[in-house]
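Only one structure is covered here, and it is reproduced in the block below.
The values are calculated or read from the model by the stated rules, or taken from the named source; none is laboratory data. Quantities reported herein were computed from a predicted structural model and do not represent experimental measurements. FYI the Cβ positions are ideal-geometry reconstructions off the backbone, even for glycines, and counts take in every protein chain you see. These area figures cover heavy atoms from the full protein model, side chains too; ligands, DNA and RNA do not enter into them. Shrake-Rupley method; radii C 1.70, N 1.55, O 1.52, S 1.80 Å.
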Amino acid sequence: MSRIGLKPIDIPEKVDISIDEKNVVTVKGPNGTLSQNVPAGFTFDREDSVLSLVRPDEEKNTRAMHGLFRTLIANMIEGVTNGYSKKMHIEGTGYRASKQGNTLVMNLGYSHPVNMVDPEGITTEVPDDRTIIVKGADKQQVGNYAANIRKWRLPEPYKGKGIIYEGEHVRRKEGKTGK
């Protein structure tokens, strides 16, 4: 049984947390502002720089939500203080990426370049033409935008071409063998 919901959340000095009467948690920090709805019934105990989420009962669904929302609030605090990033590498002959203003331009073997405009709160960096770094305060948005970029050219198992997350291992298959 997981007990993640019972763990207290440490609040750094430069982060301000406010909870309104509709159980909307708003976290403000140096990297921006994030908010999250918490289901009715959950209450919060705050002592100095420690926040605890208290569940109303011991039902299975409530216990699951307890851990989920505790983690979401902790991720919001981490996001507004340090931020999140995903690094991806482009593998393949002729595959390139570049940045033009707030638009990511990728040449991925199609007859046309792929243009993706950065959503609000997300920035992309292209340190070299084979590396893309997605940064932002919201962990979910960063992962979602990185997945949308990767969707344009998933890694294939025969030559290993495509857009690959840093640290990801692409299982390789053996090609055809001739007699």
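Between the alpha-carbon centers of region 91-124 and region 132-179, tell me the distance in whole angstrom. Between the Cα centres of region 91-124 and region 132-179 lies a distance of 15 Å. Per residue, the chain exposes 63 Å² of solvent-accessible protein surface, assessed with a 1.4 angstrom probe and all protein chains in place.
For region 1-65, the list of GluC sites (Glu not before Pro) that fall in a loop by DSSP and count at most 14 other C-beta atoms within 10 angstrom reads 13, 21, 58, 59.
Cβ-Cβ distance of residue 13 and residue 177, R₀ of 45 Å, FRET efficiency by 1/(1 + (r/R0)^6): the value works out to about 0.10.
Could you identify which residue out of 94, 121, 160 has the top mean-square fluctuation in a GNM of the chain using Cα springs shorter than 10 Å? Largest GNM mean-square fluctuation: 94. Stokes-Einstein, applied to the Kirkwood radius of region 46-92 over Cα pairs at a viscosity of 1.306 mPa s and 10 °C, places its translational diffusion at 118 µm² s⁻¹.
Across the chain, the relative contact order, built from alpha-carbon pairs under 8 Å that are at least six residues apart, equals 18 percent.
Solvent-free Debye calculation, one equal scatterer per alpha-carbon of region 96-179: log10 I(q)/I(0) at 0.17, 0.19, 0.27 Å⁻¹ equals -0.73, -0.88, -1.46.
Can you pull the semi-axes for the chain, root of five times each eigenvalue of the Cα gyration tensor, sorted largest first, whole Å?
That gives 40, 21, 12 Å for the three semi-axes.
Ligands, DNA and RNA left out, the accessible area of the chain computed with a 1.4 Å probe is 47% carbon and sulfur. Rounded to the nearest 0.05, the FRET efficiency derived from the C-beta distance between residue 165 and residue 111 at R0 = 30 Å is 0.70. Once you've got the GNM for the chain with C-alpha springs shorter than 10 Å, pick whichever of 141, 100, 36 has the biggest mean-square fluctuation. Maximum among the listed residues: 100. Computed over region 1-56, relative contact order equals 34 percent, with contacts defined as Cα pairs under 8 Å that lie 6+ residues apart.
Within region 1-91, the trypsin sites (Lys or Arg not before Pro) that combine a DSSP coil assignment with at most 15 other C-beta atoms in a 10 angstrom radius are 3, 14, 22.
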